[in-house]
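Structure first, then comments.
The values are calculated or read from the model by the stated rules, or taken from the named source; none is laboratory data. The shown structure was predicted, so the numbers you read here are calculated from the model rather than taken from an experiment. Ideal geometry is used to build each Cβ from the backbone, glycine not excepted, and the neighbour counts take in all protein chains shown. Side chains are part of the model used for accessible areas, which takes the heavy atoms of the whole protein and leaves out ligands, DNA and RNA. Shrake-Rupley method; radii C 1.70, N 1.55, O 1.52, S 1.80 Å.
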Amino acid sequence: MYHPGGTIEKAVNEISKNNYVLPAIQREFVWRPEQIERLFDSLMQGYPFGAFLFWKVQPETATEFQFYDFVRNYNEFKGVHSPKVEVPKGLGVTAVLDGQQRLTALNIGLRGSMRLKLKGKHKKNPEAYPVRYLYINLLHDGSETENGVFYEFKFLEPQAAENDQEKCWFQVGKILDFSSLAAIPDLVEEEYDFDKEQRKTARTTLNRLFEVIRSNPNVAYYEEASQELNRVLNIFIRLNSGGTILSYSDLLLSIAVAQWTELDAREEIHSLVDTLNDIGAGFNFSHDFVLKAGLMLSDIASVGFKVDNFSKKNMALLQDNWPAIRSALTRTVQLASSFGLSGANLRAESSLLPIAYYLYKIESPEGFEIKGKYKKDRAAIRDWLFRSLLKPSGIWGSGLDTLLTALRDVLKKTPDTAFPSTALASVMSKRGKQLSFSDDEVYELLDMSYGDKRTFLLLSMLFPHVDLNNQFHVDHVFPISRFTSSKLTKGGFPDEIQEEMKDWANTVANLQLLEGQLNKEKNATLPKAWLKENFESKKARANYCDLHSLGDVPDDLDGFIDFAKARYERLFEDLYVELGPSKAT
């Protein structure tokens with residue numbers, strides 16, 4: 001049933017009283033500040049706002065489902081998760097099926113704030129996320145910008161807004177404090193030192209803002225009265241599957257969330273994602289990864305994101321297995337971190353799923369990620385994983401779901417005594433995903449540049465003595481800052497030699513793994529001088545050079561090309577022994 005519009009003020013008031021809530025099938029708020037600013041500009045310009053779809057939940061139905069509040073104070077540091085709402089017994093609510101992002105944007109702009117990380121600040125520093133409120137510039141001349149914006153809205157820190165000498169920023173939420181439209185001229189007169197033209201501009205802007213938020217009937221909606229979950233789910237999916245508002249996996253997550261009965265699926269899944277991403281140097285997993293892992297570890301027929309896989313029976317199985325799944329995934333990511341992996345160099349997250357299945361099968365023994373009792377298993381897993389991630393042609397791309405299902409079949413059939421890397425490699429080979437490397441592929445790996453995600457993996461495989469439980473960086477042996485055209489010209493190198501030097505400078509032949517603190521201290525120091533500074537004896541320096549296959553390190557850049565070519569050949573021989581056909585897994 002269609003209902004004519006109410007005001008935006010009424011809508012945010014209903015949110016504040018928890019009369020408007022979000023059903024568990026809704027995803028998190030994803031808009032950026034610029035989108036909220038543009039929404040308010042569109043409202044001020046009188047553009048169509050779009051109708052909403054509400055679900056009128058009766059009291060007897062409300063007790064059967066979990067509902068969530070709208071985000072008010074967005075905080076990127078703490079994680080952007082909607083808090084739970086407990087609906088009092090005997091009361092119904094209105095659940096928003098379509099329009100969550102717009103209503104949340106209005107709620108943040110009028111009643112809340114945003115905390116987003118400042119550029120250049122560390123993501124784990126709380127001070128990197130200052131509070132910002134939505135402001136409008138009362139003195140904007142109303143001229144249209146290149147992107148069609150007429151009114152100037154901006155999320156600002158209060159001090160920055162107050163100190164801006166060129167603009168007059170008014171906190172948008174304060175429009176809710178006005179007793180009436182008639183109060184605007186008095187405020188402009190009393191609070192601001194404006195000339196006549198400025199007073200007129202400010203009054204016009206505030207009058208328009210008051211009308212848009214508190215007078216105009218902008219919030220029209222359709223209301224669904226059915227209390228049947230299946231119908232509501234179908235409506236939700238039809239609304240969101242036709243565009244890019246939600247991905248297909250988002251919709252399936254919505255179904256999973258709605259069908260768990262003992263645990264709060266949304267809270268459990270997002271909590272696990274947060275936990276996994278906070279391990280070691282940090283990862284970038286999404287709920288897609290956790291959902292795929294749930295399907296794989298629960299032995300659900302196929303690991304594909306298909307509606308049939310998210311049946312009530314399968315989701316009940318996933319819920320029952322959840323504690324063990326959570327433990328296995330956590331242990332798997334801890335293991336990956338101990339190998340030196342992180343979000344910066346994990347090329348394919350799906351590569352961890354067979355490992356997670358194996359750990360799940362052997363009940364995720366405590367301490368598996370630590371050297372000792374499980375040393376042989378760890379070595380087999382690491383070799384298999386790194387080979388699959390280093391393969392130039394890519395292992396974890398096309399045919400992923402059928403590959404994962406086939407690998408799971410191997411893991412199910414083999415004893416729990418050791419990780420079956422050979423059997424897994426055999427199945428992969430039959431699917432055209434060999435884990436052995438040809439000469440050309442080995443050369444291709446050595447030609448990788450500094451920024452390639454596989455560089456860290458390659459160096460850690462070439463130099464297994466490095467203890468990756470410490471934080472290591474990929475470091476240029478000869479500092480890259482020494483290879484600018486101006487510095488090379490100043491050093492007397494002709495143009496044709498300069499190009500060759502630059503080509504070699506950023507490849508594996510000039511890269512090593514160096515502990516983070518040492519890398520910072522090394523900075524632009526040439527390797528010969530750095531070795532003398534850090535190792536007192538010739539024997540210690542020679543040992544370091546042997547471990548890192550540096551050979552005879554020249555004093556300066558004059559011998560760099562010969563150094564790089566010689567190291568390249570040594571690394572090829574080492575890598576061929578490690579990865580080549582003679583050592584096919």
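I'd like to know if segment 118-127 contains one or more residues that are touching a residue at least 24 places away in the same chain (Cβ under 8 Å) and open to solvent by less than 60 Å² (accessible area, probe 1.4 Å). No, segment 118-127 has no match at all.
If only residues of segment 35-69 that are part of a strand (DSSP E or B) and open to solvent by 10 Å² or more (accessible area, probe 1.4 Å) are counted, the one that is nearest to GLN227 (Cα to Cα) is LYS56. When we screen ALA11, ALA24 for residues that are open to solvent by less than 60 Å² (accessible area, probe 1.4 Å) and more than 26 Å from ILE136 (Cβ to Cβ), the only hit is ALA24. For the structure I just gave you, tell me whether GLY148 is within 30 Å of VAL57 (Cα to Cα) and surrounded by fewer than 12 Cβ atoms within 10 Å (Cβ to Cβ). Here the answer is no, as GLY148 does not meet what is asked.
Matching residues to (1) touching a Lys or Arg at 6+ places or on another chain (Cβ under 8 Å); (2) outside any loop (DSSP other than H, G, I, E, B); (3) open to solvent by 30 Å² or more (accessible area, probe 1.4 Å):
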| residue | (1), (2), (3) |
| --- | --- |
| PHE155 | yes, yes, no |
| GLY173 | yes, yes, no |
| SER180 | no, no, yes |
| ILE184 | yes, yes, no |
| VAL188 | yes, yes, no |
| ASP193 | no, no, yes |
| GLU197 | no, yes, yes |
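Say whether the condition of being in contact with a His (Cβ under 8 Å, 6 or more places away or on another chain) and under 23 Å from SER271 (Cβ atoms) is met by at least one residue in segment 28-47. Within segment 28-47, one or more residues are in contact with a His (Cβ under 8 Å, 6 or more places away or on another chain) and under 23 Å from SER271 (Cβ atoms). I'm trying to understand the selection: among the residues of segment 514-532, which are at pLDDT 90 or above and of a type outside the set (Lys, Arg)? Residues satisfying the conditions are LEU526, PRO527, ALA529, TRP530, LEU531. For segment 70-103, the set of residues classified as touching a His at 6+ places or on another chain (Cβ under 9 Å) and open to solvent by less than 20 Å² (accessible area, probe 1.4 Å) consists of VAL71 only. Out of curiosity, is SER436 open to solvent by less than 50 Å² (accessible area, probe 1.4 Å), under 16 Å from ALA380 (Cα atoms) and modelled with pLDDT of 90 or more? Taking the combined requirement at face value, the residue does not satisfy it. For the criterion of being out of contact with any Phe, Trp or Tyr (no Cβ under 9 Å at 6 or more places or on another chain), among the aliphatic types (A, V, I, L, M) and within 29 Å of SER429 (Cβ to Cβ), ALA301 passes. Which ones in segment 70-100 are β-branched (Val, Ile, Thr), within 30 Å of the chain's Cα centre (by Cα) and in a loop (DSSP other than H, G, I, E, B)? Within segment 70-100, VAL71, VAL80 meet the criteria.
Taking interchain pairs and intrachain pairs at least six residues apart, which have beta carbon atoms under 7 angstrom, with the first residue in segment 341-368 and on the phi > 0 side of the Ramachandran plot and the second among the hydroxyl-bearing types (Ser, Thr, Tyr)? Close Cβ pairs satisfying both conditions: SER364/SER327. In a residue-by-residue description of segment 302-320, the property of being small (Gly, Ala, Ser) and at pLDDT 95 or above applies to no position. Within segment 1-31, the only residue that satisfies the criterion of being in contact with a Leu (Cβ under 9 Å, 6 or more places away or on another chain), farther than 17 Å from LEU106 by Cα and assigned to a strand (DSSP E or B) is PRO23. In segment 274-286, of all residues being under 11 Å from the mean Cα position of the chain (by Cα) and surrounded by fewer than 21 Cβ atoms within 10 Å (Cβ to Cβ), the one that is farthest from ARG347 (Cα to Cα) corresponds to ASP274.
Inside segment 261-273, residues that are modelled with pLDDT under 85 and open to solvent by less than 20 Å² (accessible area, probe 1.4 Å) make up a count of 2.
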